[in-house]
Amino acid sequence: MAADSAADEPRVTLSTTLKAMPGIGWSRADRFARLGLRKTQDVLFFFPRDHQFPPPPTRVDELREGQPATLIGRITECELASRSPGKSVFGAIVENESGAVRLLFFNQPFRADQLKFGVAVRLSGAPKLAGLRWEFTHPKYEILDDEEFASAHEHQGEILPVYPLTEGVKEYELRQLTRTVCNEVADQVKEVMPEPLRIAIADALKNAGMDIGDILPSISQTLRSIHCPASEQTLNAAKMRLVFQELFVMQLALAMRRQTLTGRLRAPPMTCSPQIKQRILRRFPFELTGDQLRVIETVASEMQRQFPMNRLLQGDVGSGKTVVAIFAMMMAVACGHQATIMVPTEVLARQHFRTLTTILADSQVKVGLLCGSLSASQRRETLRSIASGEINLIVGTQALIFDIEFHSLGLCVIDEQHKFGVKQRVRLRLGGIDPHYLVMSATPIPRSVAMTQFGDVDLSTLREKPSGRGEVHTYLASDGWKNRWWEFIRQRVAEGRQVYVVAPRVGDESETPETAPEDVEDVTSVNRVYEQLSHEVFPELRVELLHGRMKPEAKQAVMDRFAEGEIDILVTTTVIEVGVDVANATVMTILGGNRFGLAQLHQLRGRVSRGVHAGHVCVFTDGERSPEDSERLKVFEQTSDGFELAEADFRLRGPGDLLGQKQSGLPPLRIADLSRDVEVLKVAREMAQELIDEDPIMDAPELAMLKEQVLRRYGERLDLGDGA
Ligand code: ADP
Ligand code: MG
């Protein structure tokens, strides 16, 4: 009996340690442990960083004159001959079962120390026929030890995995190890995706133009193909499986989260009659664009639901997102609730406050402002009126609105929020308020990011610009442009336009240490630029300064006067980046443009595309421009579409950087690459959504293991509970 059951048990399992594996040995196992490889399953999931496709070694009888070839063999003869002082020739014969060739090295006597009798080599070069023998002059070569030689022989022409190495572990050892381990235990790994699902996935991938065959390979097959690929096709299918699975698991988690949020949370349903809608629309001094109307429809219908709207509205700067926000807020008020709009800066809060008070001038609706510069008593009074419900609309900076007491908050708009990740949303929700959410971002989000970091959010986009907008021309300044550009500015000001000059940093003395590296040039100091422009370049014009270190009232005073046209040239930092709206300002100079990212540059440019006049942006750089800087600035000069820019930015900077992976609240991806795998991601998302629509908590027994994987990786972070 005992003998029988022992025979059923596999000798080596997924948890067998390498030390206990026959043929590995303790000292080697210790070295593998440096790579984190202790058990066989560690080895299975230790993925190569790349694969090599070495050309198969050539047989001697297949060599061709001048054609590059690779040969493996042993040295069977060698001789170093000196002709005269400093002149030598070293010759060696390399032999294998298909024949022998000669190697020649002139004036490199040290070759004799490496290429000794009996040494095994892999050599490559282009041979010439000399008499009856093929000769390689100065070929490249690599000395192989006995095991490498044996292994090179055994696996001629195979696709080779390339593993990350560490001190004391050689590539061929890892290849041997993974091969052995795959043979022993790859079949023991449990499959989390049942066959019908894998067939459906292969089908969906094929429909999206990614044909990997009729079925996504099983996990066992995948592991074998990754470590010991039989062909390029099987390798590609295996890679696809790994990428797909990682994205699929994430998308299942996000779909479950969308599902549970809608199931758990309650929001006040708001019904918007056609009369209310017309009444709100009449308040805007212009016709809404088709895009605006379309988004308003969506928003209105979602706010009628019993559970919270959770929508991200993205649109390029100037696309008119505020109109949508105002509509939704007025709808909430019309239905007897409060609404709030949170912004990142006080300048923007004041601007929204002004817009709202203007639009609502002759109505019953009361608008309140909450920002840092209120006095303690003003603030207390405002908070009281918010709690009592006397104030209907509240505009404020985020920090202040987060945890105040509302009378009946129905809608929360979050403006200019491109750093709003899945996680922050949870915090807000747990804050005890349960309104509808509308999040607005002027940084268009690449598709792949929208599908991940914002994966639990519905997305709307404003692409159409309000009509009557001037074009924006972007110039990349070359040397010696400054005077010409200042002249251009003088002409525009003479025509009545206004100008921004943006410098990347605030002055010198007051710099905090981390923002003041020694190499900061004068030009980057907004104070110096201001001094220079106001005194030397444009003494006759009204030049003023605005930066983030000024007192809020002083800042506001400058902004107000700029808006009133009482300032010609505003020298500023990126304080104006966010949302500021002065239609008559049409010219922008960006100094130290190499210090800005694409998203920021585009935001800045948005400031001068607000009116009917054409905008002009000129970017100057300081210091050496790195190749990446040049590339980025070129893209900026040539692309004015925010969506294209966002995709380009994503390509140039790679994933994770744009929004900060940490901020998203999602664990980093290990295999998939969001800038490369967008198409796979789309399929994964659609399939995940379909699956969750049908089976919201993945209750089907055949999905149990997949569900376990989803919860293990995302359950806690996305607050999925036990999925029930
Ligand atoms: P953003 O999307 O950058 O927040 P805003 O909502 O601030 O854009 O709109 C930019 C400017 O365009 C504002 O001055 C706004 O009044 C104006 N605007 C918005 N929608 C329209 C429209 N449909 N027609 C004309 N002007 C519009
Ligand atoms: Mg805005």
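The values are calculated or read from the model by the stated rules, or taken from the named source; none is laboratory data. What you see is a predicted model, and the numbers here were worked out from it, not measured in a lab. Cβ atoms come from the backbone with ideal geometry, glycine included; neighbour counts cover every protein chain shown. All accessible areas refer to the heavy atoms of the entire protein, side chains included, with ligands and DNA or RNA removed. Shrake-Rupley method; radii C 1.70, N 1.55, O 1.52, S 1.80 Å.
Observations
- Checked against the criteria, F46 does not count as part of a strand (DSSP E or B), surrounded by 11 or more Cβ atoms within 10 Å (Cβ to Cβ) and in contact with a helix residue (DSSP H, G or I) (Cβ under 9 Å, 6 or more places away or on another chain).
- Residues of region 361-397 classified as open to solvent by less than 30 Å² (accessible area, probe 1.4 Å), more than 39 Å from the chain's Cα centre (by Cα) and over 18 Å from P435 (Cα atoms), total: 2
- Of the set (1) closer than 12 Å to N392 by Cα; (2) open to solvent by 10 Å² or more (accessible area, probe 1.4 Å), all apply to R350 but (1).
For every residue, the table says whether it meets (1) within 16 Å of ligand 1 (Cβ to nearest atom); (2) outside the structural domain of Q314 (by TED's automatic domain parsing); (3) open to solvent by less than 30 Å² (accessible area, probe 1.4 Å).
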position: L545; (1), (2), (3): no, yes, no
position: F596; (1), (2), (3): no, yes, yes
position: Q603; (1), (2), (3): yes, yes, yes
position: A646; (1), (2), (3): yes, yes, yes
position: L652; (1), (2), (3): no, yes, no
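- If the condition is being of a type in the set (V, I, T) and crowded, with 19+ Cβ neighbours inside 10 Å, then region 193-212 contributes I201, I212.
- In region 443-486, the qualifying residues are those that are farther than 24 Å from F596 by Cα and among the acidic types (D, E), and the one that is modelled with the lowest pLDDT is D456.
- Just one residue in the set V323, V333 is within 16 Å of ligand 2 (Cβ to nearest atom) and either in the same structural domain as D362 (by TED's automatic domain parsing) or surrounded by fewer than 19 Cβ atoms within 10 Å (Cβ to Cβ) (or both); that residue is V323.
- All positions within region 278-302 that are more than 16 Å from ligand 1 (Cβ to nearest atom) and in contact with a helix residue (DSSP H, G or I) (Cβ under 9 Å, 6 or more places away or on another chain): R279, A300
- Residues located in region 564-581, provided they are at pLDDT 90 or above and not β-branched (V, I, T): E564, G565, E566, D568, L570
- Out of L691, L711, L718, L703, one residue alone is of a type in the set (A, V, I, L, M, F, W, C) and modelled with pLDDT under 90. It is L718.
- All positions within region 161-188 that are surrounded by fewer than 17 Cβ atoms within 10 Å (Cβ to Cβ) and closer than 30 Å to A688 by Cβ: D187, Q188
- Single unsatisfied condition, Q556 versus (1) open to solvent by less than 40 Å² (accessible area, probe 1.4 Å); (2) over 19 Å from V347 (Cα atoms): (2)
A quick yes/no check of all residues on (1) at pLDDT 90 or above; (2) in a helix (DSSP H, G or I); (3) in contact with a Lys or Arg (Cβ under 8 Å, 6 or more places away or on another chain); (4) within 19 Å of N594 (Cβ to Cβ):
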residue: Y530; (1), (2), (3), (4): yes, yes, no, no
residue: S534; (1), (2), (3), (4): yes, yes, no, no
residue: E544; (1), (2), (3), (4): yes, no, yes, no
residue: M550; (1), (2), (3), (4): no, no, no, no
residue: Q556; (1), (2), (3), (4): no, yes, yes, no
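- Just one residue in the set R484, R469 is of a type outside the set (F, W, Y), open to solvent by 20 Å² or more (accessible area, probe 1.4 Å) and more than 16 Å from ligand 2 (Cβ to nearest atom); that residue is R484.
- The criterion of at least 2 residues that are within 14 Å of ligand 1 (Cβ to nearest atom) and among the hydrophobic types (A, V, I, L, M, F, W, C) is met, among strands (runs of 3 or more DSSP E) falling completely within region 303-399, by 310-315, 338-343.
- Residue in region 116-132 that is touching a residue at least 24 places away in the same chain (Cβ under 8 Å) and in contact with a helix residue (DSSP H, G or I) (Cβ under 6 Å, 6 or more places away or on another chain) present: yes
- Flag for P274 being open to solvent by 40 Å² or more (accessible area, probe 1.4 Å) and at pLDDT below 95: yes
- Summed over region 277-302, residues that are hydrophobic (A, V, I, L, M, F, W, C), surrounded by fewer than 12 Cβ atoms within 10 Å (Cβ to Cβ) and either outside the structural domain of M440 (by TED's automatic domain parsing) or outside any loop (DSSP other than H, G, I, E, B) (or both) total 0.
- Residue list for region 52-69, restricted to those being surrounded by fewer than 17 Cβ atoms within 10 Å (Cβ to Cβ) and either among the hydroxyl-bearing types (S, T, Y) or assigned to a strand (DSSP E or B) (or both): Q52
- Among (1) open to solvent by 70 Å² or more (accessible area, probe 1.4 Å); (2) closer than 30 Å to A92 by Cα, the one test that G157 misses: (1)
- Yes/no for F32 being outside any loop (DSSP other than H, G, I, E, B) and within 29 Å of V243 (Cβ to Cβ): yes
- Residue list for region 303-320, filter: among the basic types (K, R) and buried (at least 21 other Cβ atoms within 10 Å of the Cβ): R311
- Here is the figure for region 570-628: residues that are assigned to a loop (DSSP other than H, G, I, E, B), within 15 Å of ligand 2 (Cβ to nearest atom) and touching a helix residue (DSSP H, G or I) at 6+ places or on another chain (Cβ under 8 Å) total 6.
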